[in-house]
Every structure is written in structure tokens, then in C-alpha cells.
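To start, the structure under review is shown below, and the notes come after it.
The values are calculated or read from the model by the stated rules, or taken from the named source; none is laboratory data. Model, not experiment: these values are computed from the prediction. Glycine also receives a Cβ, built like all others from the backbone with ideal geometry; neighbour counts cover every protein chain displayed.
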Amino acid sequence: MSMSLGSAVMDRMAAKLQKYNFVKKVNWGRAVVAGIPAFWLGLFFFVPFLVVFKISLTEAAIAIPPYSELLDWDLEEAYISIKINLGNYLFLFEDDFYLDAYLSSVKIAVLSTFFTLLVAFPIAYAIAKSDGSTRVLLLALVILPFWTSFLLRVYAWMEFLKKNGIVNEFLLTIGIIDEPLIMLQTDFAVYIGIVYTYLPFMVLPLYSALEKMDGTLLEAAQDLGSKPTQSFFLVTLPLAMPGVIAGCVLVFIPAVGEFVIPALLGGADTLMIGRVLWDEFFLNRDWPMASAVAIVMLVVLVLPIMLIRNSQGKGEAV
Amino acid sequence: MSFSEQIVPSSMSTEQLPLWKQEGAEPFLRIENVTKNFGDFKAVDNISLDIYKKELFCLLGGSGSGKSTLLRMLAGFETPTSGRILIDGVDMAGIQPWERPVNMMFQSYALFPHLSVADNVAFGLKREGVAKAEIKQRVEEMLGMVQLGHLGKRKPHQLSGGQRQRVALARALIKRPKLLLLDEPLGALDKKLREETQFELINIQEELGVTFVVVTHDQEEAMTLATRIGVMNQGIIVQTDEPHDVYEYPNSKFVADFIGSVNMFEGKVIQDEPDSVQIDSKEAGTTLFVNHGISCAPDQIVNVAIRPEKIRITKKEPEKGVNCIQGIIEEIAYMGSLSVFRVRLASGKEVRVTQPNFTRSMGDRYTWNDAVFLHWDEDSSVVLTS
């Protein structure tokens, strides 16, 4: 019994091996198609990442470029020295300023992602439920802002939010407020800026998830006794979840490292890691410190999200 | 049999009568002058219909006949433009779909893709706030009834079409609705499965005693399932009758033609007795006798309808020369169980005749261009005045 079982297993393994040997033919067309973007990412994402990582292990110096050499060698005297400086990383954890900046960035990013979701969901829902030509028009309107410079649009918001800006003028005229509201250079303005800027990144994945949903599912839910709000949480939201996750990741990751919006719309006390990075680079000219800040942000914030997203993608692949 | 049972035949016989034939029986579902307009289009045009408890009523019609719209109004997804719908005596106006004692089985099944089979079935009970233990027990019971007890943990996309259909049925039945609406319940199944499921559906309906309203475009489905059929065309119900009556006594050309196939001969009424008529038909080339009376004006143009299977085909002239016409076989289709003949008459009219294949041999069979006699009994045909 056990003999025959064993041999059966062996047979199967042999068959499998054989199969692999034959199947393992290189498909050049496929290799090229997959290879070009991989090469591109390697060259322009992974290599610069390594460069930044290298700089983060050096010391600031008054030189060009402004950091010490990691490797030092003299061939005549046959000596190579590697000097790794972990001080930048240690300092990151010693000084509360950086921790605060990270936490504050996460807080702002989480909240603005949530607000973006709240604003984007009805928009995406309306687009998904609209028909034919209206849908095309609405989608175009969502994408249209990308045709103008992001920087210009943030400046436009400054005009809106400033003390004698359009919003304040309007509110004063209709008499809701007696004196202008201070909106510019507050966290409020930062939230507005982030929600506004990243809205399309939330709307589009939500739309594509909602568009696939069969409308009779909602009728079925109603028929089985659930009110419209219940139906939303029991049917619409679960089915839109892939879109919700994709949208949140697309908004959260860039929002964490956002620099322009807090710099232009935020106040002096708006602490975000993107600004800290900028200051380290351009005000302190401490490239190694700035690099360490960037690496830690990537490892602590972005990497876990990417991994979670990746594993979910595999789970849903049915 | 006891004596007491024998002496009350009259009351017994009324009890045997189906509800819709009883005088003054209370309908369970009453549709009163219901009209539904979509813009200028009248989807449902002033329909009145009574459906009784435990009936399996089929709304039969082609696409665009308004049958689905009527069903959706019963479920509450559409509001009638005018008219009333009463379920068990309660006016449904203003009652939302989630408040109605009605459940629906959707044509696409509309199973929730993110929920397991058991959770799909439990959905309705959870909304009612039924206790967990009871939900579990009732879901198990229901899945057992549709023979899916072992698949409760699967997701809908892991099921076959037939299994999904059963889940949809179980989900619609679990709340024990007074009225179950079924939109083309067997439409997505293949022929074999459809036939099996038809009988299963009837068994379940009888077991639970729920009133079913089924929408279908498939006349065969309607014939096997229904206690009564309502034939719909262009927003109105053309005829409401038991399947047998709809087939044998259609009330109009439309119904005769829509259900099964039929030959029609146009002609003029030449003799109109209370229980028989004679019709002179140029198309048939002879005078046709029909042994039921009709109400019509003298000399009115009417149609005599005769089903293909009721026509006999012979090479020799029959002795009784009533309702006998001559023609030439133009086409023969051998279908296994029966053969279909297309016979051309002298008038140019084409007549369809079907005959069961009694024997296996081909020896005495008819062939193309054979001159044949077609004849039928006086009570086989029916006169249609509209």
C-alpha cells in the first residue's frame, strides 16, 4: 500500500519536473514588454533610492557635494576604508522634533484622506449612475484640473482663502460673519488643499468600482427588507471596497510627504515631514540628515502600506 | 366512505373548485385599473387582475408587453401612474419595497457577490432582527430544501448556474413572504435543467403554500408551472385562463398565435346556430364546420383556428367529408418524436400539420409532392372573432 502510494507520488513529481522543463521556454516578447518598465523603475527609482540611502550614511561637510565620502581608498598604499555614519538615524530618534513631524504628517494625511473619501464617494456614485454622454462629461470635469499646473491651482486657493479673499468677501457681504476669518496659513487650509488636489485620485478608482456594481443588487437588498442607508453599508460599500482602498492609498501616500501644500497654505506651526525634508536640504544644507528623514519615511510609512496593498491584491485575485 | 360524506356532494364540489372559479372568493392579490406610463409610453395599460391564495400565476408575454413592469410594481420598485394594488386587502400605495410582505427572485438572481451562500440566504432574516440561533436553523432548513446544504460557505461565483438559481429562490423564500414574485425564474438555465427545476418549483410552492406570480416569455414554462396564465400584449392582459383553456380556447388571434402554433383560415359566417357555425373560407377552399356558438354579426369575417396536431393527414379521401381540404406536401421535418408537414392548398395557403411517428419504419411515410387530404373534427377548431 505504502509502496504504491510512494511510487505514485514519485511519478507525479517526475511528471511535474518534466512539464517544467518543457514549459520553461523564454518568451522574448513578454520579457521585453515586462522588462522595459522594470528597467525604467530600476534606473529612475531604485538607483536614486540607493544614492539617497548612501548619502544618509555620511556626514555633512562643507564641500561639493556637501557630505563626506562613504568609501575612501588609496590604491598605492593598498587601503580601502568604509566610513558608515549612523548618527543621522540616531539623531532622528533622539530629537522629538522629527517624531512630532512624522506623527503630524500621518495625522494630516489620515484626516485628509478621510475627508477626500467623504467628498469623492458621492461624486463617484453620481458619475457611475449617470448615463452615456453625461458620464463622459463628468469624468472629463474630474480630470480637467490636471491640465493646469498644480502650483497655479494652489496659488488660486491662496486667493480664495486669504483675509480679503473671495470666500471672506462673500461671507462678509451676505452677513454671516462680521470680520474676515483667518483661513490661510492654518491646518484648515492644508486640509482644503490636499482634499482638493487629490480628489481625482480618489474619484477615479471609486468610480471604476461603483460602475461595475449591478443595480439590481440594491433592489434585492431593499426587497429583503433593508432601508436605503442600510443597503449602502451592507451592499454598496463592501462592493466598492477595492476602490476605497486603492483611492485611499493613492491619496495617503503622497499626502504624507506633501511639501508644496503645507508650505504655501499652511502656517508656521503646520508641521509636516515634507517641509522638514525641504528645510534640511535647502536651509540647513544637511543632505545626510535630509536623506535619513526620507529613508525613514519610506520604510516606516510607505513600505507597510505597499505590502498590505500587495497582499490584498493577491487575495482578491479570483 | 362514510354516509355523511356522501350526502354533502354540493358543498364538497365547491370546495374542490379552485378559488378563482368560486363566486365571491376573496382574492389575495388585487390589481385594480393599474396603469404605468414612462413618458408617452404606456407600459401597463389599465390592468385589473385578481390572484388567489396559493396560486401559481404566470404573466406570459413577449418583451415589452409590460409583464416585468407589472411585477416591479408589485414589488414596489415602480409606482403605478394610476390604479391600486392590494395585497391581502392592504393597499400598497406608499408602502416601500422593504416594508412589503413580498419577496422577489430576480432574473439575474442578484446574489450579493461579497457574501457566502448562507449569508445571502440569511440577509432577509438579519434585517428583521431574528435571533442568531433561529437564523442559523432556518437558513440550514432552507438550504436543505433547495438541496444546497453542503454549499453554505461558498461564494456565489463558485456555483453553477443551477445552484445560483436555487440560492436566489432560497433567499427569496426565507422570510416566508405571502407573495413571491419570480422574474423569468428559469430563463438562464439550459433546457434539461429547466425541465427538472420546473417541477421542483411547483413542489416547493405546494409545500410552502406561498402565492407565486411568475413572469415569463416562455409559453412552455407557463403551461407547466401555472395554475392560471395571464397573456399580456402591449400593456394589457389579453386573456386570463387556466393553461388548458388558454391553449384550447384562445380568445383572440394574438393568443392563439402566441401560444403554440396554429393554422388560421379567414372566412365569412354563413350559418350561425346557437351551438354551431358554418364558415365559408376561400383560403381553405371549403365550408368549415365548428360545433360551438359564437356571438357575431351576420356575414362577419372571422378566423377559424386549428392546431397542427389536431389535423389528420391521409392519402385517401376520408369517408366523412366534413372539414376536409386537399393539398400538396411541400416540406417535411422529421423531429424524432413527431413529423411536421407543410402542406400547400390550392388557394396558396400553407397549412402546418404535426403527426406523431407511430412506427419506426419509413415505408408508408409521406414524401414531398404527395397529394394529401387534411381533415379534422368539428370540435377541434375554434372560431376567433378578434
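Within segment A:215-228, can one find any residue that is free of Cβ contacts under 8 Å to residues at least 24 places away in the same chain and hydroxyl-bearing (S, T, Y)?
yes
Can you report the number of residues in segment A:121-141 which are under 24 Å from the mean Cα position of the chain (by Cα) and either within 25 Å of A:A263 (Cα to Cα) or without any contact (Cβ under 8 Å) to a residue 24 or more places away in the chain (or both)?
3
Taking segment B:160-175 only, how many residues are surrounded by 24 or more Cβ atoms within 10 Å (Cβ to Cβ) and in contact with a Pro (Cβ under 9 Å, 6 or more places away or on another chain)?
4
Do the conditions hold for B:A170, that is, is it within 27 Å of B:L189 (Cα to Cα), assigned to a helix (DSSP H, G or I), within 32 Å of the chain's Cα centre (by Cα) and hydrophobic (A, V, I, L, M, F, W, C)? Break it down into steps so the answer makes sense when it comes.
Numbers: within 27 Å of B:L189 (Cα to Cα): yes; assigned to a helix (DSSP H, G or I): yes; within 32 Å of the chain's Cα centre (by Cα): yes; hydrophobic (A, V, I, L, M, F, W, C): yes.
So B:A170 passes the test.
Within segment A:123-135, is even one residue farther than 27 Å from A:T216 by Cβ, of a type in the set (D, E, K, R) and surrounded by fewer than 16 Cβ atoms within 10 Å (Cβ to Cβ)? First the steps, then the outcome.
To start, the set of residues in segment A:123-135 that are farther than 27 Å from A:T216 by Cβ comprises none.
Looking for residues that are farther than 27 Å from A:T216 by Cβ, of a type in the set (D, E, K, R) and surrounded by fewer than 16 Cβ atoms within 10 Å (Cβ to Cβ), one finds none in segment A:123-135, hence no.
Determine, yes or no, whether B:Q326 is at pLDDT below 90 and either in contact with a Cys (Cβ under 9 Å, 6 or more places away or on another chain) or surrounded by 13 or more Cβ atoms within 10 Å (Cβ to Cβ) (or both). Quick ask: steps written out before the conclusion?
Working: at pLDDT below 90: no; either in contact with a Cys (Cβ under 9 Å, 6 or more places away or on another chain) or surrounded by 13 or more Cβ atoms within 10 Å (Cβ to Cβ) (or both): yes.
When the stated conditions are applied, B:Q326 does not pass them.
I'm told B:C58 meets every condition in (1) of a type outside the set (S, T, Y); (2) surrounded by 21 or more Cβ atoms within 10 Å (Cβ to Cβ); (3) within 9 Å of chain A (Cβ to nearest Cβ); (4) closer than 25 Å to B:T240 by Cα except one. Can you identify the failing condition by its number?
(3)
For the condition more than 14 Å from chain A (Cβ to nearest Cβ), in contact (Cβ under 8 Å) with a residue 12 or more places away in the chain, buried (at least 21 other Cβ atoms within 10 Å of the Cβ) and within 21 Å of B:T69 (Cα to Cα), what is the one hit in B:F265, B:F212, B:F254? Walk me through it before giving the result.
Numbers: B:F265 fails: within 21 Å of B:T69 (Cα to Cα); B:F254 fails: buried (at least 21 other Cβ atoms within 10 Å of the Cβ).
So the residue among B:F265, B:F212, B:F254 that is more than 14 Å from chain A (Cβ to nearest Cβ), in contact (Cβ under 8 Å) with a residue 12 or more places away in the chain, buried (at least 21 other Cβ atoms within 10 Å of the Cβ) and within 21 Å of B:T69 (Cα to Cα) is B:F212.
Does B:R138 count as surrounded by 15 or more Cβ atoms within 10 Å (Cβ to Cβ) and more than 12 Å from chain A (Cβ to nearest Cβ)? Don't jump to the end; show me each part of the working.
Details: surrounded by 15 or more Cβ atoms within 10 Å (Cβ to Cβ): yes; more than 12 Å from chain A (Cβ to nearest Cβ): yes.
In short, yes.
Within segment A:282-298, identify whether any single residue is of a type in the set (D, E, K, R) and part of a helix (DSSP H, G or I), and answer yes or no. Give the derivation first.
Filtering segment A:282-298 for residues of a type in the set (D, E, K, R) gives A:285-286.
Narrowing further to those that are part of a helix (DSSP H, G or I): none.
The answer is no, given that none of the residues of segment A:282-298 is of a type in the set (D, E, K, R) and part of a helix (DSSP H, G or I).
Please state which of the following conditions B:V90 fails to meet, knowing it meets all the rest: (1) β-branched (V, I, T); (2) surrounded by 21 or more Cβ atoms within 10 Å (Cβ to Cβ); (3) closer than 30 Å to B:L125 by Cβ.
Checking B:V90 against (1) β-branched (V, I, T); (2) surrounded by 21 or more Cβ atoms within 10 Å (Cβ to Cβ); (3) closer than 30 Å to B:L125 by Cβ, the one that fails is (2).
Can you pull out every residue in segment A:219-238 that is surrounded by 19 or more Cβ atoms within 10 Å (Cβ to Cβ) and either among the hydrophobic types (A, V, I, L, M, F, W, C) or at the interface with chain B (Cβ under 7 Å from one of its Cβ atoms) (or both)?
Correct list: A:E219, A:A220, A:A221, A:Q222, A:D223, A:L224, A:G225, A:S226, A:L234, A:V235.
Only one residue in A:A209, A:A189 is within 14 Å of chain B (Cβ to nearest Cβ) and either closer than 19 Å to A:T113 by Cβ or assigned to a helix (DSSP H, G or I) (or both), so which one is that? Please lay out each step first, then the result.
Working: A:A189 fails: within 14 Å of chain B (Cβ to nearest Cβ).
So the residue among A:A209, A:A189 that is within 14 Å of chain B (Cβ to nearest Cβ) and either closer than 19 Å to A:T113 by Cβ or assigned to a helix (DSSP H, G or I) (or both) is A:A209.
Which one of these does B:L86 not meet: (1) within 12 Å of chain A (Cβ to nearest Cβ); (2) out of contact with any Gly (no Cβ under 8 Å at 6 or more places or on another chain)?
(1)
Which ones in segment B:151-164 are out of contact with any helix residue (DSSP H, G or I) (no Cβ under 6 Å at 6 or more places or on another chain) and either of a type in the set (G, A, S) or more than 14 Å from chain A (Cβ to nearest Cβ) (or both)?
B:K153, B:S160, B:G161, B:Q163
So is A:M213 surrounded by 15 or more Cβ atoms within 10 Å (Cβ to Cβ), at pLDDT 90 or above, of a type outside the set (K, R) and in contact with an Asp or Glu (Cβ under 6 Å, 6 or more places away or on another chain) or not? Explain how you work it out, then say what you get.
Numbers: surrounded by 15 or more Cβ atoms within 10 Å (Cβ to Cβ): yes; at pLDDT 90 or above: yes; of a type outside the set (K, R): yes; in contact with an Asp or Glu (Cβ under 6 Å, 6 or more places away or on another chain): no.
Against the criterion (surrounded by 15 or more Cβ atoms within 10 Å (Cβ to Cβ), at pLDDT 90 or above, of a type outside the set (K, R) and in contact with an Asp or Glu (Cβ under 6 Å, 6 or more places away or on another chain)), A:M213 does not qualify.
Looking at segment B:183-207 only, could you name the residues that are among the acidic types (D, E), surrounded by 11 or more Cβ atoms within 10 Å (Cβ to Cβ) and more than 18 Å from B:E55 (Cα to Cα)?
Start the filter on segment B:183-207 by keeping residues that are among the acidic types (D, E), which leaves B:183-184, B:190, B:195-196, B:200, B:206-207.
Now drop any that are not surrounded by 11 or more Cβ atoms within 10 Å (Cβ to Cβ), which leaves B:183-184, B:195-196, B:200, B:206.
Those that are among the acidic types (D, E), surrounded by 11 or more Cβ atoms within 10 Å (Cβ to Cβ) and more than 18 Å from B:E55 (Cα to Cα): B:E195, B:E196.
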